[in-house]
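The values are calculated or read from the model by the stated rules, or taken from the named source; none is laboratory data. The structure presented is a predicted model; accordingly, all values stated were derived computationally and were not measured. Don't worry about glycine lacking a Cβ; one is built from the backbone with ideal geometry, like all the others, and counts go over all protein chains shown. Side chains are part of the model used for accessible areas, which takes the heavy atoms of the whole protein and leaves out ligands, DNA and RNA. Shrake-Rupley method; radii C 1.70, N 1.55, O 1.52, S 1.80 Å.
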Amino acid sequence: MRYLTSVICILALTCNGQTSSTFQLEEIMKGDDFIGHSPENVRWSFDGQSILFDWNPTNTFGNTPYIYNPSDGTTKTLPVNTVTVSAAPIGSQVSAHYYFQHAGNLMRYTINSKQTEPVVSLKSRVNPVEPVSNVRHVYFEQENNLFFFNETIGGITQVTDFVQAKTPEDADSTSLMRQQTELFSYIRLEQKRAQWQEKNQVKRKLPLTIYYDRNEQLENLQVAPNERFVTFRLSNYPEDPETHVEEYISTSGYTNQIGARPKVSDNDPSHRLGIYDREHDTVYYVSFSSLTDIRKKPDYLSEYGNTDLVYQKDRSVIMHALVMHPPGNQAVVDVRSHDNKDRWIVLLDLATGTIRELEHQHDEAWIGGPGISGWNEVQGTLGWLDDQSFYFQSEVSGFSHLYSINTVTGVKKQWTSGNWEVHEVILNKTKETFYIIANKLHPGVRNGYKIGIKTGELTPLFEGYFGIEWSLSPDEKKWAIRYSTSTQPWELYVADNKPNAQLRRVTTSSYDGFNQLKLQAPEVIQVPTSDNKTVSARLYKPAASNGAAILFVHGAGYLQNAHHYWSYYAREFLFHQLLIQQGYTVLDIDYRASEGYGRDVRTAVYRHMGERDLLDYVDGKSFLVKNHAIDANRVGIYGGSYGGFITLMGMLKTPGTFACGAALRSVTDWEHYNHEYTSNILNYPTTDPKAYRRSSPIYFAEGLDGPLLILHGMEDDNVQFQDVVRLNQRFIELGKSNYQLAVFPTEAHGFKSAVAWTDEYRRILELFELHLK
C-alpha cells in the first residue's frame, strides 16, 4: 500500500466560508483534554440543599468533587477526602440521622449538626442493603454475611452465618473415619463425650450456619422488609480457560501477562435461589421447573436436524435481585434463561419458597431493549407500583414500553405506546407519578416526561432536539440535569419540576480552543435501503464537495449515534468536521442492530452479523451517489470495534464497493469474542456453527482487494490483539499484500494516549487522502 510522504498536521476549520480557528489534528485527538471535561456522577445531597458532581474544569489528571448550592448559585470544590452524604442511604431516615456507605465504611450523618461519623469501620468493606420496615435497624453486608446496627441501643447483630465448606456431616463421613469408629471403642467414647459437652454447655443464640460449595459464589444477599426472611443466590460459574494479553512496554523491561476474559463457549453458569427463614431457623431453595417453556428448544436447532422440541432437563436460569413487597412476605423476581430466549417475572412466596408466574417474554432472537437489558447479569426495570401491582418494561409491541400487572387480578396495563421507546423510569415517593426519559419526539433525542398514575396522562417536561440525564431532588421539587446537543457537550443545569421549566446552567466545561470552533450540526436524515426500509444517519455536508465520501461505522452494534445530543464519539465527531472542510461528505449510519429503533432493528443481525448491517452501508453509498453527486469509485469506510468488524466485512465480502477501509480494534472471528455478547446474537459455537462462520471476517479473507488499514492496541483485553494476528496470518497464507497492520503497544480497546490517537488518525487520514482524492 502506498502512503503519503507528508502529513497534514494543521487544518483550518471554517463555517460558511469564515475561518473560525486553526488547530492541529493532535488537538482533536486529545479528546476531552481539548474539548473540556463534562460534569459526571450528578446527585443530590440527603437534605436536598445541594447538588454534588465530579468535574475537571482545570484539566488535571482526574475529576474533583464539587458542590453546587441552588439557593445562592455558588459552586465550590470539596476536599478530596470529604465524606459527601449523597450516596443512597442504607436504610431510611432514622430520627435525625441518615446512614450510608462511604469508602467501605458504614457512616452516620446527623441532619441538625450536618456532621458525619463512622459507625462501622473495619478492614473489610461494608456493602449497602435495602432498608427494612423497622427504621432503627440498619442492615449491611460484610464479608459475605448480613448484620444490622441497632440505632436504639447501638449494638451490632450478626444475622447470617454463611460458610463456604462441606457440612460437618459430609466432612465426618469419609470411609476412613467410618472405619475408625467401627473398630475402636476409644473413638466411640470420645464422640459421645463431645456430644454430651455440646448438649450441656451454655450457648448463645447464633444464626443458623448455612454451608455452600467451594465452587459456588454467594451473591445478592438481601433481607425482607419484615426482617424474617433473608434471600441469597449461589452461583456456579464455568471454569472456562482464561485468555491473556501481553504488556510489552513495562517498567521492569520484561513482558507481563495480563489476565483477560474467557471466550464464548457452550458452558452456562448455574444458580440457586435460597431463602433463610429466621423465625423457623430453616433454609430452603426455590424451584423454577414450573416456568412456561423452561425446557423448550430454540427454533434454530431444527436447521441442524434436531427434531426434538424440548430438552430432557430444565434450561439454566439466572434470577436477579428480588424486589421485596413492602409487608415482607412476597417479592417479584426477574428470571432469565441463560440462552436469553426467555424472561419470566414471578411472584415469590417467601414463606413457602413457591413461585407464581405473572409475565413471560419470549424472543427467538434474544431478550433485550431499553429497560429490559440484553445482558443476563443486568436487571431490567422492575418495581412495586402499589400493594398489589408492579411495573416493568416489555418489547411485546415491538418497542420497549412501560407496563404494570396486578398480582391479584392478573390484569396488565400499558402505560406508554407508540413507535418510540422508554429509556428510564422513576416512580416518585408518593407513587402518584412516573417520570420517564424517552425518544417520543424523534428516535435521536432523550427527553423527560411525567405520567399521572391516576389519569395515565403523558406530559412533556423537557422536550426538544437534545438529550438529558436527570436526578430528582429528595423533596421532588427540582431536577439536576445533564443536557447536551449535537454540538454542545454535556453540562449541568438545574430546573424546577414542572412543565416548560427554565434550565439554569451551572457549569461551563468547554475550553477556549473548542469554544472558538463553529461546528456544523450534522443533519439527521433517513437513508432508503434495499429492503424497502429506511435507516437514520448523520450527514455532514461540505461547503464545497470534492466528490468523495467517507462512511463512519459506530461501535458496539447496539448503540445509537445518529442523534441530537453530544456524541460518545467526540473525537470522531471533530474528525468529521475536519473531513468536511477538506471537501469530503461524511455519512454516519445507525445501521440495523442500533439502539433506539425498536425490537426488529435491535435483532436484525441475529445469526448473521455482517449481512443486513453491512448492506445498510452499501445502500448508504448508493444514496450518496444518487443524491449528493458522489463518485462511486471514491467512497471509503472506517470504524472501530463493531465498526471495524463491519469495515472488514465490507472490504472482504463486497470487494470493489469501497475504495479503501480503515478497521480499528476489529473483531475478526466471533468464536474468539466474549460469551455474553456473542452468545446472545449467534447462539453457541457448537450448536450454531453456521452463524459463527458466516459472521466472521476471517472466513472471507480471500476477498481482500482494495486497500485496507488495520489498527489495533496490543493490550486490548476486549477485542484482543490475537484477532488481528490471526487475520494477518490468513492474509500471509493467501498471498495478500494490499493491506497494512499498525499496532499500538501500550493501548487497550479504548486508547488512552493522545499520541496514539493522533498516530492512528494520521494514518486513517493519509489512507483517505491517498485513495479518495
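The single condition from (1) under 18 Å from ASP716 (Cβ atoms); (2) surrounded by 16 or more Cβ atoms within 10 Å (Cβ to Cβ); (3) touching a His at 6+ places or on another chain (Cβ under 9 Å); (4) not charged (D, E, K, R) that VAL245 fails is (3). Of the candidates GLY735, GLY703, the single residue that is in contact with a helix residue (DSSP H, G or I) (Cβ under 8 Å, 6 or more places away or on another chain), small (Gly, Ala, Ser) and farther than 27 Å from GLN257 by Cβ is GLY703.
Here HIS360 meets each of (1) touching a Ser or Thr at 6+ places or on another chain (Cβ under 6 Å); (2) assigned to a loop (DSSP other than H, G, I, E, B); (3) closer than 28 Å to TYR285 by Cβ; (4) not aliphatic (A, V, I, L, M) with one exception, condition (2).
Just the residues that are touching an Asp or Glu at 6+ places or on another chain (Cβ under 8 Å) and open to solvent by less than 10 Å² (accessible area, probe 1.4 Å), please, taken from segment 381-402. If the condition is that a residue be touching an Asp or Glu at 6+ places or on another chain (Cβ under 8 Å) and open to solvent by less than 10 Å² (accessible area, probe 1.4 Å), then PHE392, SER394, SER400, HIS401 are the ones that fit.
Considering each residue of segment 689-727, count those that are over 27 Å from ASN633 (Cβ atoms), touching a Pro at 6+ places or on another chain (Cβ under 8 Å) and aliphatic (A, V, I, L, M), and give that number. Count: 1.
Just to be sure before I move on: is ARG228 at pLDDT 90 or above and of a type in the set (Lys, Arg) in the structure I sent? First the steps, then the outcome.
Values: at pLDDT 90 or above: yes; of a type in the set (Lys, Arg): yes.
Considered against the rule, which asks whether it is at pLDDT 90 or above and of a type in the set (Lys, Arg), ARG228 comes out as yes.
Given the criteria loosely packed, with under 13 Cβ neighbours inside 10 Å, under 30 Å from HIS749 (Cα atoms) and touching an Asp or Glu at 6+ places or on another chain (Cβ under 9 Å), does THR255 qualify? When the stated conditions are applied, THR255 passes them. Tell me whether segment 761-772 contains one or more residues that are without any contact (Cβ under 8 Å) to a residue 60 or more places away in the chain and out of contact with any His (no Cβ under 9 Å at 6 or more places or on another chain). No: segment 761-772 contains no residue that is without any contact (Cβ under 8 Å) to a residue 60 or more places away in the chain and out of contact with any His (no Cβ under 9 Å at 6 or more places or on another chain).
Of all residues in segment 386-404, which are of a type in the set (S, T, N, Q), closer than 15 Å to SER417 by Cβ and part of a strand (DSSP E or B)?
Start the filter on segment 386-404 by keeping residues that are of a type in the set (S, T, N, Q), which leaves 388-389, 393-394, 397, 400, 404.
Filter once more, keeping what is closer than 15 Å to SER417 by Cβ: 393-394, 397, 400, 404.
Residues satisfying the conditions are GLN393, SER394, SER404.
Remark: pairs (first residue in segment 223-234, closer than 9 Å to MET324 by Cβ; second residue assigned to a strand (DSSP E or B) and polar (S, T, N, Q); Cβ separation under 7 Å; 6+ apart in sequence or on different chains) = THR231/GLN222.
Just one of the numbered conditions (1) buried (at least 19 other Cβ atoms within 10 Å of the Cβ); (2) within 32 Å of the chain's Cα centre (by Cα); (3) of a type outside the set (Phe, Trp, Tyr) is not true of ALA570: (1). Filter segment 47-80 down to the residues that are under 23 Å from PHE100 (Cβ atoms), surrounded by fewer than 21 Cβ atoms within 10 Å (Cβ to Cβ) and among the hydrophobic types (A, V, I, L, M, F, W, C) and list them by number. Within segment 47-80, ILE67, LEU78, VAL80 meet the criteria. Taken as a whole, the condition of being open to solvent by 30 Å² or more (accessible area, probe 1.4 Å) and within 28 Å of the chain's Cα centre (by Cα) does not apply to GLU702.
Determine whether LEU176 is at pLDDT below 90, assigned to a helix (DSSP H, G or I) and loosely packed, with under 14 Cβ neighbours inside 10 Å. Spell out the reasoning first.
On the way: at pLDDT below 90: yes; assigned to a helix (DSSP H, G or I): yes; loosely packed, with under 14 Cβ neighbours inside 10 Å: yes.
Criteria met by LEU176.
Taken over segment 604-641, the residue count meeting the criterion of being open to solvent by less than 10 Å² (accessible area, probe 1.4 Å) and hydroxyl-bearing (Ser, Thr, Tyr) is 2. Scanning segment 597-642 for residues that are under 28 Å from ARG571 (Cβ atoms), outside any helix (DSSP H, G or I) and of a type in the set (Ser, Thr, Tyr) yields a count of 3.
Condition test on THR167, is it surrounded by 12 or more Cβ atoms within 10 Å (Cβ to Cβ), modelled with pLDDT under 90 and of a type outside the set (D, E, K, R)?
On the way: surrounded by 12 or more Cβ atoms within 10 Å (Cβ to Cβ): yes; modelled with pLDDT under 90: yes; of a type outside the set (D, E, K, R): yes.
Judged against the criteria, THR167 is a match.
Applying the selection to segment 431-442, what residues are in contact with a Leu (Cβ under 8 Å, 6 or more places away or on another chain), open to solvent by less than 20 Å² (accessible area, probe 1.4 Å) and not aromatic (Phe, Trp, Tyr)? The answer is ILE436, and nothing else. If you filter segment 415-430 down to residues that are surrounded by 14 or more Cβ atoms within 10 Å (Cβ to Cβ) and either assigned to a loop (DSSP other than H, G, I, E, B) or at pLDDT below 95 (or both), you find that the one that is nearest to the chain's Cα centre (by Cα) is GLU421.
Against the criterion of being in contact with a Lys or Arg (Cβ under 8 Å, 6 or more places away or on another chain), aromatic (Phe, Trp, Tyr) and over 30 Å from VAL719 (Cβ atoms), TYR511 does not qualify.
Specify which of the listed residues (SER471, SER484) is small (Gly, Ala, Ser) and under 29 Å from LEU587 (Cα atoms).
Working: SER471 fails: under 29 Å from LEU587 (Cα atoms).
Answer to the check: SER484.
The selection criterion, being assigned to a helix (DSSP H, G or I) and closer than 18 Å to THR647 by Cβ, holds for PHE575. Of the residues making up segment 443-465, those that are surrounded by fewer than 17 Cβ atoms within 10 Å (Cβ to Cβ), outside any strand (DSSP E or B) and not β-branched (Val, Ile, Thr) are LYS454, GLY456, GLU457, GLY464, TYR465.
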